[in-house]
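Visitor: Here's a structure for you.
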Amino acid sequence: MKIEEVQSTSRMQRIAAHTHVKGLGLNAQGVAAQSAAGLVGQEAAREAAGIAVELIRSKKMAGRALLLTGAPGTGKTALSLAVSHELGSRVPFCPMVGSEVYSSEVKKTEVLMENFRRAIGLRIREMKEVYEGEVTELTPEEAENPLGGYGKTITHVVVGLKTTKGTKHLKLDPSIYESLQREKVIV
């Protein structure tokens with residue numbers, strides 16, 4: 001007897017919250033229908049969002065934000081998604097959850113900056129070079145304080161390394177010097 005798994009002929013698609021929302025559901029005059037584009041009700045809010053969309057399209061809302069407030073379940077996220085759809089595919093929709101921001105694992109500013117980067121489509125790739133060897137030189141270069149006053153500030157630090165491939169001299173940021181002092185690195 002041969003047993004085979006029968007595959008479904010229907011297409012598999014991920015279903016998430018608000019996948020039914022396709023736009024604000026406004027007619028040419030900006031009036032909302034009771035049920036259109038995946039949204040039901042909230043006609044006044046949809047019409048107000050339509051005004052905001054027109055202001056954004058006419059570039060009269062540059063540098064300004066749109067704040068939606070209300071109790072849970074009143075349609076803030078659905079309305080935001082509808083505005084994003086109305087503005088076109090080049091406007092990303094990046095939902096955020098409050099517990100994500102107030103997490104104890106990551107700083108609030110870091111979470112917000114990551115979401116801003118995602119919203120504007122910015123990808124940051126960090127290149128790191130690792131040098132391994134024996135420290136042969138550790139010289140802080142000082143200059144007059146650029147803010148005025150007395151004293152000098154460290155502009156950069158010269159670190160000499162002896163590696164298996166030879167010697168290398170690196171001119172590094174003053175913050176590196178501070179961390180080297182904290183780690184009690186000596187020549």
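The values are calculated or read from the model by the stated rules, or taken from the named source; none is laboratory data. Just so you know, these numbers come straight off a predicted model, no measurement behind them. Every residue, glycine as well, gets a Cβ built from its backbone with ideal geometry; the counts of neighbours run over all protein chains shown. These area figures cover heavy atoms from the full protein model, side chains too; ligands, DNA and RNA do not enter into them. Shrake-Rupley method; radii C 1.70, N 1.55, O 1.52, S 1.80 Å.
Visitor: Quick one: compute the contact order of region 66-145, relative version, from alpha carbon pairs under 8 angstrom and 6+ residues apart, as a percent. Could you put the intermediate results ahead of the total?
Guide: Values: 24 pairs, mean separation 13.4, N = 80.
Relative contact order, region 66-145: 17 percent.
Visitor: Determine which aspartates and glutamates satisfy two conditions relative to Lys165: a Cα distance under 15 Å, and not lying fewer than 8 residues away in the same chain.
Guide: Here the aspartates and glutamates satisfying the reach criterion relative to Lys165 are Glu132, Glu134.
Visitor: Keeping the other protein chains in place, figure out the carbon and sulfur percent of the accessible area of region 33-187, with a 1.4 Å probe.
Guide: In region 33-187, the share of accessible area belonging to carbon and sulfur is 55 percent.
Visitor: Give a residue-ordered list of calculated ³J(HN,Hα) values for region 47-63 (Karplus: 6.51 cos²θ - 1.76 cosθ + 1.60, θ = phi - 60°; whole Hz; x for Gly, Pro).
Guide: Running phi through 6.51 cos²θ - 1.76 cosθ + 1.60 with θ = phi - 60° gives 5, 5, 5, x, 5, 4, 4, 5, 5, 5, 4, 7, 6, 9, 10, 5, x Hz.
Visitor: Calculate the dipole size of the chain relative to its Cα centre from +1 charges on Lys and Arg beta carbons and -1 charges on Asp and Glu beta carbons; express the result in debye to the nearest 20.
Guide: So the dipole magnitude of the chain works out to roughly 660 debye.
Visitor: Determine one quarter of the surface area of the Cα convex hull of the chain, which equals its mean projected area, and express it in nm² to one decimal.
Guide: One quarter of the hull surface, i.e. the mean projection, equals 24.9 nm².
Visitor: Still on this model: Looking at the calculated P(r) for region 88-187, what percent of the C-alpha pair distances fall above 20 Å?
Guide: For region 88-187, the share of Cα pairs beyond 20 Å comes to 62 percent.
Visitor: Could I ask something else about it? So, taking all protein chains as they sit and a 1.4 Å probe, how much accessible area belongs to Glu110, in Å² rounded to tens?
Guide: Around 90 Å² of this residue is reachable by solvent.
Visitor: Could you derive backbone 3J(HN,Hα) for region 26-40 from the dihedral phi with the Karplus parameters 6.51, -1.76 and 1.60 (θ = phi - 60°), listing whole Hz in sequence and x where the residue is Gly or Pro?
Guide: For region 26-40, the Karplus-derived couplings read 9, 7, 4, 8, x, 9, 7, 7, 4, 9, 7, 6, x, 10, 10 Hz, x marking Gly and Pro.
Visitor: Any idea of the accessible area per residue across region 64-187, 1.4 Å probe, to the nearest Å²? Intermediate results must be reported in sequence, preceding the final value.
Guide: Numbers: 10200 Å² over 124 residues.
Value returned for region 64-187: 82 Å² of accessible area per residue.
Visitor: Here's a follow-up. Once amide H atoms are placed 1.01 Å from N in the peptide plane, what residues at a sequence separation of 5 or more from His156, or on another chain, have their amide H within under 5 Å of its amide H?
Guide: It is Glu141, by chain and number.
Visitor: How much solvent-accessible surface does Ile56 expose, in Å² to the nearest 10, with a 1.4 Å probe and all protein chains in place?
Guide: Surface open to solvent at Ile56 totals about 60 Å².
Visitor: Run lengths n ≥ 4 of DSSP H only: what is the helix-derived mean residue ellipticity at 222 nm for the chain, with -39500 (n - 2.57) per run over all residues, to the nearest 500?
Guide: Estimated from H runs of four or more residues: -8500 deg cm²/dmol.
Visitor: Next up: If the cut-off is a Cα-Cα distance under 17 Å, which aspartates and glutamates reach Lys59, setting aside same-chain residues fewer than 8 apart in sequence?
Guide: In chain and number order, the partners are Glu86.
Visitor: Using a cut-off of 19 Å between alpha-carbon atoms, which lysines can reach Lys162, once sequence neighbours fewer than 8 places away in the same chain are excluded?
Guide: List returned: Lys171, Lys184.
Visitor: Once you keep just the Cα pairs under 8 angstrom separated by 6 or more residues, what percentage relative contact order results for the chain?
Guide: Result for the chain is 11 percent.
Visitor: Report Ser89's accessible area, 1.4 Å probe, all protein chains in place, as a number in Å² to the nearest 10.
Guide: 120 Å²
Visitor: Of Tyr102, Tyr131, Tyr150, which has the most accessible area with a 1.4 Å probe, and how do the rest follow in descending order?
Guide: Tyr150, Tyr102, Tyr131
Visitor: Using a 1.4 angstrom probe with every protein chain in place, what is the largest-first accessible-area order of Lys128, Lys22?
Guide: On the way: Lys128 160, Lys22 135 Å².
Ranking Lys128, Lys22 by accessible area, largest first, yields Lys128, Lys22.
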